[in-house]
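Readers should treat all values here as calculations from the given coordinates under stated rules, not as data from a laboratory. The shown structure was predicted, so the numbers you read here are calculated from the model rather than taken from an experiment. Backbone-built Cβ (ideal geometry, glycine too); neighbour counts: all protein chains shown.
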Amino acid sequence: MSKIKTFVIVPTYNEADNINPLIAQLLALPIKIGVVVVDDNSPDGTGSMADEWAAKHPDRVHVIHRAGKMGLGTAYIAGFKHCLNAPTIGRIMTMDADFSHNPRYIPDMIALSTEKQIVIGSRYVEGGGERYCTKKRIFMSKVANALTRTLLGLKAHDTTAGFRLYHRQVLESIPLDEIFSSGYSFLVEILFLCQQNNWQIGEIPIIFEDRRAGTTKISKNEVIKGQITIARLFFRRLMSK
């Protein structure tokens, strides 16, 4: 690991159309950051393309290769552990590989992290929004956020966002191996745990754009898992009162 203080974790599966321009934009940001690509053995060669970046920039690009699709949550955990092994890393970010999270927002997120321990790139605060998304996707996202905020008492406006920044001590305070969710519902569960630990959460507005290339990874099965996660955490919240 290098002495770079901020690393961004990017889980990938079949993102060959996006990975090169994404890493290029991340490395070109005015704030120096590093990238950890967690690739789930993409058949389209995404992992090999990331390896080429790592060979050129070994201090800034790292690649974790996994045997196959193991879920978004476990990819984040693999990236978290990788970063936590380096004591010089103080901020760990997560984002999608499909440009739905634009790298241009990262400097603002880092700036807010001087006041908050968790920063979310949010669609649902003033100035945020969505672009090129279907009405169905927007509706499902808003329903999911309304449910999580109501049932779980989450204070963040965008509770399902994957564009986040965590201070190191936040992740060190959470038993990562005990998080049950492995898919997209992982995002709700870890935010629930962060709020239970009383970490300060801030949000900056972003425009979330539907992916530029490739296909979405959200399936009906993921939606069902998300509903189960919300129900499980809701009962956990009731039992803790």
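For Phe163, the residues whose modelled amide H falls within less than 5 Å of its own, excluding neighbours fewer than 5 places apart on the same chain, are Gly121.
By how many degrees, 0 to 90 and rounded to 10, does the Cα axis of helix 46-56 deviate from the longest principal axis of the chain? Orientation of helix 46-56: about 50 degrees from the principal axis. Over all other residues within a Cβ to Cβ distance under 14 Å of Val61, the charged ones net out to -1, with Lys and Arg as +1 and Asp and Glu as -1.
Ordered by packing density, taken as the mean number of other Cβ atoms within 10 Å over each peptide's residues, highest first, how do 112-119, 19-26 rank?
Ranking the peptides 112-119, 19-26 by packing returns 19-26, 112-119.
The DSSP beta bridges internal to the chain are antiparallel in roughly 25% of cases.
Pairs to check: Lys5/Lys155; Lys155/Lys225; Lys5/Lys116; Lys135/Lys155. Give those whose C-alpha atoms are more than 20 Å from each other in this structure.
Numbers: Lys5/Lys155 28 Å; Lys155/Lys225 22 Å; Lys5/Lys116 16 Å; Lys135/Lys155 25 Å.
Check vs 20 Å cut-off fails for Lys5/Lys155; Lys155/Lys225; Lys135/Lys155.
Compared with the dominant Cα axis of the chain, that is its longest principal axis, helix 135-152 is turned about 60°.
Residue ranges 91-98, 125-132, 198-205 sort as 91-98, 198-205, 125-132 when ordered by packing (mean number of other C-beta atoms within 10 Å per residue, highest first). Per-residue ellipticity at 222 nm, computed for the chain from helices alone with -39500 (n - 2.57) per DSSP H run of at least four residues, works out to -12000 deg cm²/dmol.
Just subtract the alpha-carbon distance of Asn198 and Ile228 from 0.36 nm times their residue separation and send over the number in nm, one decimal.
Working: separation 30, 0.36 × 30 = 10.80 nm, distance 2.43 nm.
Full extension from Asn198 to Ile228 adds 8.4 nm.
Mind checking the dipole of the chain: about its Cα centre, +1 per Lys or Arg Cβ, -1 per Asp or Glu Cβ, Debye to the nearest 20? Show your work: numbers first, answer last.
Numbers: 30 positive and 23 negative charges, 135 e Å.
Using Cβ point charges on Lys, Arg, Asp and Glu, the chain gives about 640 debye.
Counting charges near Ile206 (Lys, Arg +1; Asp, Glu -1) among other residues having Cβ under 13 Å from its Cβ returns a value of -3. The calculated FRET efficiency for the pair Ala67 and Gln169, based on their C-beta separation and a Förster distance of 30 Å, comes to about 0.45.
Among residues other than Phe163 with Cβ under 12 Å from its Cβ, the summed charge is -3 (Lys and Arg +1, Asp and Glu -1). The angle between the Cα long axis of helix 72-84 and the longest principal axis of the Cα atoms of the chain comes to about 60 degrees, rounded to the nearest 10.
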